[in-house]
1. Would you mind telling me the share, in percent, of accessible area of the stretch 243-340 contributed by carbon and sulfur at probe 1.4 angstrom?
2. List the pair-distance distribution P(r) of the stretch 152-203, using every Cα-Cα distance, as the percent of pairs falling in each 5 Å bin from 0 up to the bin containing the longest distance, rounded to whole percents.
3. 5 Å is the cut-off here: which amide hydrogens, built 1.01 Å from N in the peptide plane, fall below it relative to Leu295, excluding neighbours closer than 5 in sequence?
4. Using a Förster distance of 51 angstrom, determine the FRET efficiency expected from the C-beta separation of Met213 and Val31, and round it to 0.05.
5. What ³J(HN,Hα) values, in whole Hz, does the Karplus curve 6.51 cos²θ - 1.76 cosθ + 1.60 give for the stretch 353-361 when θ = phi - 60°, with x put for Gly and Pro?
6. Mind giving me the FRET efficiency for Thr3 and Arg204? R0 is 41 Å, r the Cβ-Cβ distance, nearest 0.05 is fine.
7. Could you sort 292-300, 177-185 so that the peptide with the highest average Cβ count within 10 Å comes first and the rest follow in order?
8. What order do Met56, Met213 take when sorted by accessible area (1.4 Å probe), most exposed first?
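The values are calculated or read from the model by the stated rules, or taken from the named source; none is laboratory data. Remember, it's a predicted structure, so these values are computed and weren't measured experimentally. Virtual Cβ from ideal backbone geometry, glycine too; neighbours counted across all protein chains shown. Accessible surface areas use protein heavy atoms only, side chains included; no ligands, DNA or RNA. Shrake-Rupley method; radii C 1.70, N 1.55, O 1.52, S 1.80 Å.
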Amino acid sequence: MTTWSDLLPEILNNIAGKLDFYEDSVNFLCVCTSWKKSSSATTTIQHLPSRLPMLMLAESNTDEDDEHELRTFLLLSNGGTMRKLPLPEVQRQRCVSTHGWLLTTGEQEFYTKLVNPLTRAQVDLPRLYMFDELYFDQDEWMYYLFSMRKVVFTSPNPLSSDPSFRVIIIWGRTIGFCQPGDVSWTRINGWEGHLFDISYHGARKRLYVVATMGTIYECDVTNDVLCPKTLSRVTTFPGEEFGCSCVPWAYLLEWGCDSLLMVTRERYYFKKHDDEYGRYGPYRTSRFQCFVFGLDDGKWSKITSLGGKAIYVGFNSSFAIDGGEGVKPDCIYFTDDLYEPYRGLPEGGGGDVGIYHMFNDRIETLFESQESVFRSSPPLWLQTSTLPITNGIN
């Protein structure tokens with residue numbers, strides 16, 4: 001009896017030729033080693049269009065999904081269809097995302113690892129308690145367990161041999177970084193207030209951090225000579241010039257070779273007796289605003305159009321892509337990234353999800369809010385990346 005691994009190369013090439021998307025070819029090549037070696041898909045895959053970005057939804061409550069350890073993905077470029085994939089590596093793990101990879105955090109000794117949800121390749125990272133001079137009492141342990149907020153890479157592929165590759169995280173009130181193979185995390189110090197977001201600027205080779213009042217800091221995390229790592233203040237957002245009394249929440253991302261984009265998010269909070277409280281939860285996003293900071297001239301400006309791009313924010317590293325193929329231009333795709341109001345509630349939370357249209361401030365529903373309810377891991381945007389074909393294949 002012929003097994004799947006014994007299919008003739010001619011048959012495999014015929015199947016591979018009918019695959020229209022990058023992610024489908026990755027899954028095809030990951031079936032087994034013989035499929036990878038025999039198929040022409042390895043040479044054509046880089047020329048295929050991608051369905052990314054896509055949204056990995058929170059864990060489902062259904063017995064079937066739990067038994068088979070499935071996660072549901074929303075494919076924007078495929079008409080907003082849902083697709084389920086087996087992903088036991090992230091079952092009941094807290095996750096954040098960057099460059100198409102997931103950083104997972106487990107309760108047991110606070111281990112961390114990177115997981116590619118399409119190839120299921122994995123990279124082990126130092127345990128979170130391996131921060132120098134970082135100790136907790138029990139209450140702090142619980143705080144930090146739920147406080148993995150952000151992860152960014154200095155380059156897209158953690159499986160490359162790039163010596164400058166770093167993984168950088170916001171974990172609770174701490175910023176740290178490591179390289180695969182390190183035994184501990186290195187702390188970064190030097191900011192004031194609450195941490196909002198981090199972004200690595202590829203052209204500038206610098207980590208940028210935005211904190212309370214829109215203060216932006218920078219640091220060179222790839223220079224091993226500079227240690228310990230300390231942030232340097234770059235600028236503070238001049239809110240009064242733009243009619244902003246405060247910066248309630250902010251995201252940061254690379255905006256061209258010489259600029260940063262800061263996206264502010266405003267939320268409206270409901271009272272418990274309001275009808276909206278029962279429908280949406282304790283709050284709902286009301287508005288986004290976008291401000292560009294020039295790294296060369298040090299000037300701030302407000303923009304009301306994204307120039308045909310779409311921005312994605314949430315518990316993912318903030319990123320922008322061109323509109324088209326199911327992606328609406330001049331829009332901000334957002335997920336719920338405030339877990340504190342829901343922590344400990346049996347019904348969970350996370351319904352503040354949607355698409356914000358810049359030109360008229362309209363908020364469009366992405367799907368039913370119940371689809372994004374989370375208890376351990378929130379819904380996450382996954383951006384396009386160069387996926388490893390030679391790893392994670394049995």
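1. Numbers: 2000 of 4200 Å².
Heavy-atom surface of the stretch 243-340 belonging to carbon and sulfur, 1.4 Å probe: 48 percent.
2. Histogramming the stretch 152-203 at 5 Å steps yields 4, 17, 29, 24, 16, 7, 2, 0 percent.
3. Here Ser259, Leu260 satisfy the definition.
4. 0.50
5. Using θ = phi - 60°, the values come out as 10, x, 10, 9, 8, 5, 6, 9, 6 Hz.
6. On the way: r = 52 Å, r/R0 = 1.26.
The computed FRET efficiency comes out at 0.20.
7. Packing proxy ranking, top to bottom: 177-185, 292-300.
8. Ranked list, largest accessible area first: Met213, Met56.
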